[in-house]
Amino acid sequence: MNEAVFIRRNIEKWRKMEWMEGDDVFTTPDDMVNAYNDITSDLAFARTHYPDSPITSYLNDIALGLHRDLYRHKHTTMRQLLRFWTHEIPLAVYDARKALLLSFAIFVLCVLVGVVSTIGDPEFPRLILGDPYVHMTEENIKNGEPFSVYAQETQVSSFLGITLNNVWVSFKTYAFGLLTSFGTGIILLFNGVMVGCFMTFLFMKGLLLQGFLTVMLHGTLELSAIVIAGGAGIMLGNGWLFPGTYGRLESFLRAGRRSIKVLVSTLPLFIIAGFIEGFLTRYTDAGDLWRLLVILLSASFIVYYYVILPVRRHRESTAYEDLTI
């Protein structure tokens with residue numbers, strides 16, 4: 001191959017590799033490995049056909065830089081972990097934004113269904129929540145302790161049981177995406193109707209404010225995580241249902257790789273929500289102000305990490321790609 005043709009065909013790729021050197025923000029270790037393998041192949045070709053050409057020295061410099069970065073990455077586990085949570089997950093969330101918005105819309109709609117159904121039929125909560133739970137709650141209300149259910153177990157056992165159950169619900173919500181997006185939608189339907197039903201039940205008992213402060217103390221993170229897991233499940237199911245230009249299996253695998261990052265992001269939310277429910281929610285006589293503060297802080301974190309930060313990371317990555325063209 002003529003040297004000029006060789007350069008013309010690859011120069012843009014090499015320039016992008018130059019930008020990868022020293023970049024810990026938008027270049028993943030896998031990207032670095034792929035680039036290093038590619039540049040060493042080009043370098044071997046150049047050494048064979050153009051051993052005295054400046055292009056060979058140029059490619060050698062790029063290869064050395066990528067090799068140095070690869071070696072450094074082996075010793076930066078904490079940096080990679082930080083990058084995963086601050087860059088890779090937000091970018092995955094941005095890719096899943098439509099599925100997440102759909103999950104949120106389904107959940108809100110189902111909450112409204114629970115509200116309307118309970119208003120229309122006061123016995124509806126017994127169908128959704130079960131007779132034993134409704135009866136227990138009514139007895140607690142008569143005894144002046146409507147939310148004593150949160151203090152029935154010890155703090156540690158409550159925290160562990162709640163967290164494990166929440167993680168299971170999250171996994172089930174996501175896994176139902178294997179049955180196409182409709183499977184995940186069914187899980188969201190049940191949870192949304194249950195929340196709307198329970199809050200309306202409390203409203204009819206004159207306990208809406210206290211119920212909101214008690215339930216949403218941990219529920220802000222817990223319910224948000226279920227919605228996010230639902231979005232990941234919908235994304236997984238859509239990869240199977242709507243393959244686009246890819247083969248169905250390839251589309252499904254690509255959706256799985258992206259959506260699993262979104263699912264993983266819910267684990268800390270469930271752990272923190274379980275801690276709050278196990279250790280704090282039981283104190284139902286605590287001040288309303290501090291409970292409202294916890295709810296607002298939780299909601300602010302959700303908005304920042306799942307709305308603001310993904311948009312910011314996407315803009316940064318787009319700007320980076322523009323620089324490398």
Residues of region 210-233 being open to solvent by 50 Å² or more (accessible area, probe 1.4 Å) and either in contact (Cβ under 8 Å) with a residue 24 or more places away in the chain or not in a helix (DSSP H, G or I) (or both), which ones? Q210
Taking the condition of being open to solvent by 60 Å² or more (accessible area, probe 1.4 Å) and over 11 Å from V227 (Cβ atoms), how many residues in region 97-133 meet it? 16
Just one listed residue, out of L269, L309, L236, L296, is in contact with a Leu (Cβ under 6 Å, 6 or more places away or on another chain), in a helix (DSSP H, G or I) and modelled with pLDDT of 80 or more, and it is L269
Look at L253 and say whether it is in a helix (DSSP H, G or I) and free of Cβ contacts under 8 Å to residues at least 24 places away in the same chain. yes
If a residue has to be crowded, with 17+ Cβ neighbours inside 10 Å and β-branched (V, I, T) to count, how many in region 247-263 make the cut? 1
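The values are calculated or read from the model by the stated rules, or taken from the named source; none is laboratory data. Being a predicted model, the structure only gives us computed values, none of them experimental. All Cβ positions, glycine included, derive from the backbone under ideal geometry; neighbour counts span all protein chains shown. Surface areas here come from the heavy atoms of the whole protein model, side chains and all, with no ligands, DNA or RNA. Shrake-Rupley method; radii C 1.70, N 1.55, O 1.52, S 1.80 Å.
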